[in-house]
């Protein structure tokens, strides 16, 4: 039931954001709101079926607004800064052609799969590092465009990402 | 003034897009090319989206509220791009490694040992 309600609320909010500015009831038209409710109920039923088929339990800690605030700060602050820095680095390497590629292994030590996924996505979003594979223990195999150290610590690849992601999802 | 900001954002975006395309020719194999094409182009796209957002917000605040829709939709596109782009790049890299393409000129390859352990 909780999954149904959460899926309904989020898909309805998403529909409202997409159709903002269509009419006179606040900023939405009545037709759009009716269709939004119908399609949100359909989406919620589909999501519920997906959850049941996977057999996963919903992790409600992510609904905490403090975690969302942390996520926004993380996305705008450290993540965007690292992306900018690395982009200029890769831009220089494109022009000079100075590369020393290799695949290294790091263990960020996240407890949940979702945390590992967020670390891997952050690593991949930053140029010069690219997550190639993940094993069962949560170790990430990273393709690094300029290998400085052959057995790097976590901070060498992704400066402070795991610390932030621990605050967000764990 | 606002147009100058938009032009600067567009210029930054296009410069990074060009660098991303150049990296296709400069780099030797699929992994290093992914660094340039998948990421530099994302960074360039972010700046082009920012230009659109600033354009929409400027017109919305100067008396045409319907332009706010432009900004909202562009923000949604930006978030979706930032979520799906690393997933796609990771999928390409993993598929390339699984189909036996080794990174060219690699100094170190930790993934090779992992595969051997898995086969035992």
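What to note about this one:
- Taking the criterion of being under 16 Å from residue A:124 (Cβ atoms) and modelled with pLDDT under 80, the residues of region A:139-165 that qualify are A:154, A:157, A:158, A:159.
- Flag for residue A:105 being within 24 Å of residue B:91 (Cα to Cα) and away from chain B (no Cβ under 11 Å): no
- Among the conditions (1) at pLDDT below 90; (2) crowded, with 18+ Cβ neighbours inside 10 Å; (3) more than 10 Å from every other protein chain (Cβ to nearest Cβ), the only one that residue B:55 does not satisfy is (1).
- Selection from region A:121-145 of residues that are farther than 15 Å from residue B:35 by Cα, part of a loop (DSSP other than H, G, I, E, B) and more than 7 Å from every other protein chain (Cβ to nearest Cβ): A:136, A:137, A:138, A:139
- When we screen A:160, A:122 for residues that are out of contact with any strand residue (DSSP E or B) (no Cβ under 6 Å at 6 or more places or on another chain), within 30 Å of residue B:14 (Cα to Cα) and crowded, with 18+ Cβ neighbours inside 10 Å, the only hit is A:122.
- Unique match (being surrounded by 12 or more Cβ atoms within 10 Å (Cβ to Cβ) and not assigned by TED's automatic domain parsing to the domain that holds residue A:112) among A:75, A:20: A:20
- Residue in region B:95-107 that is facing chain A (nearest Cβ under 7 Å), in a helix (DSSP H, G or I), free of Cβ contacts under 8 Å to residues at least 12 places away in the same chain and touching a strand residue (DSSP E or B) at 6+ places or on another chain (Cβ under 6 Å) present: no
- Filter result for residue A:137 (over 18 Å from residue B:79 (Cβ atoms) and in contact with a helix residue (DSSP H, G or I) (Cβ under 8 Å, 6 or more places away or on another chain)): no
- Count - residues of region B:14-36 that are assigned to a helix (DSSP H, G or I) and surrounded by 20 or more Cβ atoms within 10 Å (Cβ to Cβ): 9
The values are calculated or read from the model by the stated rules, or taken from the named source; none is laboratory data. This structure is a prediction, so every number in the text was calculated from the model and none was measured. Don't worry about glycine lacking a Cβ; one is built from the backbone with ideal geometry, like all the others, and counts go over all protein chains shown.
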